[in-house]
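The values are calculated or read from the model by the stated rules, or taken from the named source; none is laboratory data. Because the structure is a prediction, the values reported are computed rather than measured. Note: ideal-geometry Cβ built from the backbone for every residue, glycine included; neighbour counts use all protein chains shown. SASA here: full protein model, heavy atoms, side chains in, ligands and nucleic acids out. Shrake-Rupley method; radii C 1.70, N 1.55, O 1.52, S 1.80 Å.
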Amino acid sequence: MESDWWKSAVVYQIYPRSFADSDADGIGDLRGIIDRVDHLARLGVDVIWLSPIYPSPQDDNGYDISDYRDVEPVFGTLTDFDELLAAVHERGMRLVMDLVVNHTSDEHPWFVESRSGPDSPRRDWYWWRPARPGLPPGGPGAEPTNWGSFFSGPAWEFDPASGEYYLHLFSRKQPDLNWENPAVRHAVYDMMRWWLDRGVDGFRMDVINMISKDTSLPDGAVTHGVLGDGSPAFQCGPRIHEFLREMHEEVFAGRPGRLLTVGEMPGVTVDEAVLFTDPDRHEVDMVFQFEHVSLDQGPGGKWDLRPLRLLDLKASLGRWQAGLAERGWNSLYWDNHDQPRAVSRFGDDGLHRVESAKLLATVLHLHRGTPYVYQGEELGMTNAPFAGPDDFRDIESVNHYRAAVAAGEDPESVLAALRKQSRDNARTPMQWDAGPGAGFTTGRPWIAINPNHVDINAAAQTDDPDSVFNHYRAVIALRHAEPAVAHGDFTMLLPDDPVVYSFTRRFGSTTLLVVANFSGEPATAPVPEESEWAGSELVLGNYPADADAAAGSIRLRPWEARVYRRVR
């Protein structure tokens, strides 16, 4: 249907700093994206999502915004943006902006005024609180709550001038906006309307389920270390549905065009996601959830690594498929700017890199939901070989290394976890060709280029029919052409098989069977009606076809994935 066009669409995320540099300063920019937009058109994607391009001190690589209505000069100008938007629209694609409104930069004029003193008219645009009763302001443990920041340390920063603290769930340079204040909400809505009037096609909303806080700001449980987990007080808080419905009414309702709203929601449950994405509730079109990218983490959190079990992955993704089967919609992704590279985390980035990259594309895109491709994923880009702590640029990684080593952890163990999980894995420059700057820049890149760009790059793949890139093109084309991919129901098969991931998609008289071997050894897929399926039409695969049909069984080679179709 025209109203839910995004169900058959594919979104491509661009991290501008690392995509393409047009002026040799080592940092990607808007003109670099303009120069490469035909790569995206050839890939076949429908929507481009830009990570933040707004003016920013770059403490968190642009997610600390100091002006919502302009472009960071290192990326270009509003004129460049308008040219990019026109180029995207001319090629039949849409462009979605990253909306970061849980917090601003501490250099945003709103916060500068808020910080000027307790009597500032914008003081309550942010969360200011006095020290904990009985403790001297600024002293150890005097923070208003025991909450920890996502970027290490307390979630409160002391302001000596006023003797109070401000809340920052992320960096101390990212103070949280107080959405309880109607003036804050309407200033945000006005900014959103400004971008839509300029022609953008919607928003991906960063940590949007954190904008509503329990105003009592209770202490959180301490499960490890000395800081508490405040998430029960700010993830899917008491007024979150009210705020999102108000946003829809103020910004999107009645507006012509077919816009897209995506809510990034850490910690969201399936039941909550149904409410957020039920079209009758007018909140968001789809959620971005994190359950499946937490399965390789232990109780200690992101850096407490555990082996990933396919059974856990199937159970998680299957639960979301079942939970949103009747109402609601999910985003499908393996990686993004905050996650390590998909083929290094879920596949085999060594011997079977090409096969496993194609398998991951096949399995993900055949689920029900809207798939996302993160820049370089379509090439099978891998994690980077970070030699030491000085190679990292991401504030989360830098702060974690410093805090963990100071707390007595073994530096090599900390570094090993960073190599696997750091967000910098996703932020190394896009690998366009085998040249010294990987086609990304002729200058010195802001972060080191992965040395494997000499083998893994777009120039080597675009005209190779067996490349990862062209497999992604085929998967995307199948979603566009076969209604069962976007609209069919989902049935998980072989839930207890430790290496084979299999499911069906059914729409009308058409049924698709997906079988995938998540291992480096041959495997058999004992699906129901196996012999009949083995002789069915093979519509997509990542190996040359073999003689399964004659054998009456489905035997999969290492990291092999197939999609069969049957029409009755």
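Over the stretch 85-231, what percent of the accessible surface lies on carbon and sulfur atoms, probe 1.4 Å?
Looking at the stretch 85-231 in its full context, I get 53 percent from C and S.
Under 5 Å between amide hydrogens, which residues at least 5 positions from MET205 or on another chain qualify, with H placed 1.01 Å from N in the peptide plane?
Long-range HN contacts for MET205: LEU99, VAL262, GLY263, GLU264.
Short version: ³J(HN,Hα) in whole Hz for each residue of the stretch 370-376, in order, from phi by Karplus 6.51 cos²θ - 1.76 cosθ + 1.60 (θ = phi - 60°), x for Gly and Pro, what are they?
9, x, 10, 10, 8, 3, x
For helix 353-365, what angle does its Cα long axis make with the longest principal axis of the chain, in degrees from 0 to 90 and rounded to 10?
80 degrees
Given Cβ point charges of +1 (Lys, Arg) and -1 (Asp, Glu) and nothing else, what value in debye, to the nearest 20, does the dipole of the stretch 347-480 about its Cα centre take?
440 debye
Express the accessible area of the stretch 372-465 per residue in Å², computed with a 1.4 Å probe while the remaining protein chains stay in the model.
Accessible area per residue: 40 Å².
Restricting to DSSP H runs of at least four residues, report the calculated mean residue ellipticity at 222 nm for the chain, -39500 (n - 2.57) per run over all residues, nearest 500 deg cm²/dmol.
Dividing the helical sum by the residues of the chain leaves -8000 deg cm²/dmol.
Compute the helix-to-body angle for 78-90: its Cα long axis versus the longest principal axis of the chain, expressed 0 to 90° and rounded to tens.
20 degrees
Can you tally the net charge around ARG239? Count Lys and Arg as +1, Asp and Glu as -1, for every other residue whose Cβ sits under 12 Å from the Cβ of ARG239.
Around ARG239, the surrounding residues sum to -1.
So, with +1 on the Cβ of K and R and -1 on the Cβ of D and E, and no other charges, what is the size of the charge dipole of the chain about its Cα centre, to the nearest 20 debye?
Dipole of the chain, to the nearest 20 debye: 860 debye.
Quick one: which residues, 5 or more positions from HIS103 or on another chain, have an amide H under 5 Å from its amide H? H modelled 1.01 Å from N in the peptide plane, none for Pro or chain starts.
It is LEU177, by chain and number.
Taking only the alpha-carbon positions of the chain and ignoring solvent, what does the Debye formula give for the base-10 log of I(q)/I(0) at q = 0.08, 0.11 Å⁻¹?
-0.54, -1.05
Could you work out the local net charge near PRO279, counting Lys and Arg as +1, Asp and Glu as -1, over the other residues with Cβ closer than 13 Å to its Cβ?
Result for the neighbourhood of PRO279: -2.
Sorted by accessible area with a 1.4 angstrom probe, largest first, how do HIS241, HIS367, HIS89 fall?
HIS89, HIS241, HIS367
Send over a whole-number figure in Å² for the accessible area per residue of the stretch 19-138, probe 1.4 Å.
Ligands and nucleic acids excluded, the figure is 36 Å² per residue.
Show me, for the stretch 537-546, the HN-Hα J-couplings you get by feeding each phi into the Karplus relation (A = 6.51, B = -1.76, C = 1.60, θ = phi - 60°), rounded to Hz, glycine and proline as x.
The phi angles translate into 5, 8, 9, 7, x, 10, 10, x, 4, 10 Hz.
Rounded to the nearest 5, what % of the DSSP beta bridges within the chain are antiparallel ones?
Of those bridges, close to 60 percent are antiparallel.
Go through the stretch 307-316 residue by residue and turn each phi into a ³J(HN,Hα) via Karplus (6.51, -1.76, 1.60, θ = phi - 60°); whole Hz please, and just put x for glycine and proline.
Per residue, the Karplus-derived 3J(HN,Hα) values read x, 7, 9, 4, 4, 5, 5, 5, 5, 5 Hz.
Using modelled backbone amide H atoms (1.01 Å from N, in-plane), which distant-in-sequence or interchain residues come within less than 5 Å of GLN13's amide H?
TRP49, VAL373, TYR374, GLN375
Ignoring ligands and nucleic acids, what accessible area does ILE456 show with a 1.4 Å probe (Å², nearest 10)?
In the full protein context, ILE456 sits at about 10 Å².
In whole percent, what relative contact order does the stretch 303-371 give with Cα contacts below 8 Å and a gap of six or more residues?
34 percent
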